[in-house]
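Peer 1: Have a look at this one before I ask anything.
The values are calculated or read from the model by the stated rules, or taken from the named source; none is laboratory data. Bear in mind the structure is a predicted one, so any value in this text is a computation, not a measurement. Methodologically, a virtual Cβ is constructed for each residue, glycine included, from the backbone with ideal geometry; neighbour enumeration extends over all protein chains shown. Heads up: the accessible areas ignore ligands, DNA and RNA and are worked out on the full protein's heavy atoms, side chains in. Shrake-Rupley method; radii C 1.70, N 1.55, O 1.52, S 1.80 Å.
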Amino acid sequence: MPTTQHVYLNGRILPAEDATVSPFDVGILRGFAVFDLLETVKGRPFLLAEHLERLRASAAQIGLAVPYTDEVIAAAIDELLGLNAHEDEATIRLVLSGGVSPDGMRYDPATPTFFILTHDSFRLPAEVYTDGGKLVLHEHQREFPLAKTTSYLTWLSNHDRIDEAGAIDMLFHSGGLISEAATASFMVVKNGQIHAPGKGVLPGTIKAFALDVVKDQIEIVYRDVTLEEVLDADESFLTSTVRGVVPIVRIDDRVIADGTVGPITRQVMEAYSEAVGQRA
């Protein structure tokens, strides 16, 4: 990584040490902000259009609008990737807040704060993909489930618990139904079908891409999925931008089926990897 990291802030690319956000920004004072992130594949942004569409949808959910066109954002990302010269693949993070607030409550939607960061990509250990990962259960329902907000209080306050359990994420449930992992989409497999929560969850870009790849080979059912069904599933897996398709074989102390990565999950993983290679 170069000595000086660059960021894009409100229309300008700056050295990171020169980029400042006001302490009166309502994103800082009240957590009023949304974001999106994507990965590079072979050094190029992957599913950029889909992520920008989701960013704009998230912004609209809370009454904001992204102040730049897709073309301007794409050009800024290209410049940042060139300046920051990541050794391997990079994660691109786009953040939009309500901007400076006069009283910590009101804001002007015409003057938001918008910035873009890039950093080296995070990778799960290879054995998670071959042997499967673990989730911990947590009863929670996100306040704006269709918006990718910057509020990760629940995940962050439980970070030690996740690590101590040897888990890679936590699975939210409420009223007997599961929704999503804290940082990923979640699905189960039963009788050869993929069952995915169809409402009250953040639209997953990788989820949509991966399921579209296999929709002609595997039946996909979008519906409410109960916690009981999850624990009795034949297989389960999650999808996320930074992790791709990840098999899940244990939830809390409950082993899913026989505790190994199932055939449907393997099929999705392989089809997804092949499709990413073809798309890149």
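Peer 1: Evaluate region 64-81: report whether one residue or more is assigned to a strand (DSSP E or B) and aliphatic (A, V, I, L, M).
Peer 2: No, that holds for no residue.
Peer 1: Looking at ARG161, ARG123 in this structure, which one is within 24 Å of MET269 (Cβ to Cβ), free of Cβ contacts under 8 Å to residues at least 60 places away in the same chain and either open to solvent by 50 Å² or more (accessible area, probe 1.4 Å) or part of a strand (DSSP E or B) (or both)?
Peer 2: Of ARG161, ARG123, the one residue that is within 24 Å of MET269 (Cβ to Cβ), free of Cβ contacts under 8 Å to residues at least 60 places away in the same chain and either open to solvent by 50 Å² or more (accessible area, probe 1.4 Å) or part of a strand (DSSP E or B) (or both) is ARG123.
Peer 1: Which condition number in (1) under 30 Å from ARG12 (Cα atoms); (2) touching a residue at least 40 places away in the same chain (Cβ under 8 Å); (3) buried (at least 20 other Cβ atoms within 10 Å of the Cβ); (4) not charged (D, E, K, R) is the one that GLY204 fails?
Peer 2: (2)
Peer 1: Moving to a separate point now. Give me the pairs, please: first residue somewhere in region 1-30 and closer than 16 Å to ASP78 by Cα and hydroxyl-bearing (Ser, Thr, Tyr), second residue anywhere and modelled with pLDDT of 95 or more and surrounded by 15 or more Cβ atoms within 10 Å (Cβ to Cβ), beta-carbon distance under 7 Å, and either six or more positions apart or on two chains.
Peer 2: Filtered contacts from region 1-30: TYR8/ALA76; TYR8/LEU80; TYR8/PHE115; TYR8/ILE116.
Peer 1: Which of the residues belonging to region 208-221 are within 22 Å of ALA257 (Cβ to Cβ) and open to solvent by 20 Å² or more (accessible area, probe 1.4 Å)?
Peer 2: Of everything in region 208-221, those that are within 22 Å of ALA257 (Cβ to Cβ) and open to solvent by 20 Å² or more (accessible area, probe 1.4 Å) turn out to be GLN217, GLU219, ILE220, VAL221.
Peer 1: Shifting gears a bit: Exactly one of these conditions fails for ALA196: (1) closer than 20 Å to GLY244 by Cα; (2) of a type outside the set (Val, Ile, Thr); (3) open to solvent by 20 Å² or more (accessible area, probe 1.4 Å). Give me its number.
Peer 2: (3)
Peer 1: Ok, one more. Could you tell me how many of the residues in region 82-104 are touching a strand residue (DSSP E or B) at 6+ places or on another chain (Cβ under 6 Å), without any contact (Cβ under 8 Å) to a residue 60 or more places away in the chain, under 18 Å from ALA19 (Cβ atoms) and open to solvent by 10 Å² or more (accessible area, probe 1.4 Å)?
Peer 2: Number satisfying all stated conditions: 1.
Peer 1: What is the one condition in (1) in contact with a Leu (Cβ under 6 Å, 6 or more places away or on another chain); (2) of a type outside the set (Ser, Thr, Tyr); (3) surrounded by fewer than 19 Cβ atoms within 10 Å (Cβ to Cβ) that ASP232 does not satisfy?
Peer 2: (1)
Peer 1: Next question. Within region 174-185, identify whether any single residue is of a type in the set (A, V, I, L, M), under 21 Å from PHE237 (Cβ atoms) and not in a strand (DSSP E or B), and answer yes or no.
Peer 2: Taking every residue of region 174-185 in turn, at least one turns out to be of a type in the set (A, V, I, L, M), under 21 Å from PHE237 (Cβ atoms) and not in a strand (DSSP E or B).
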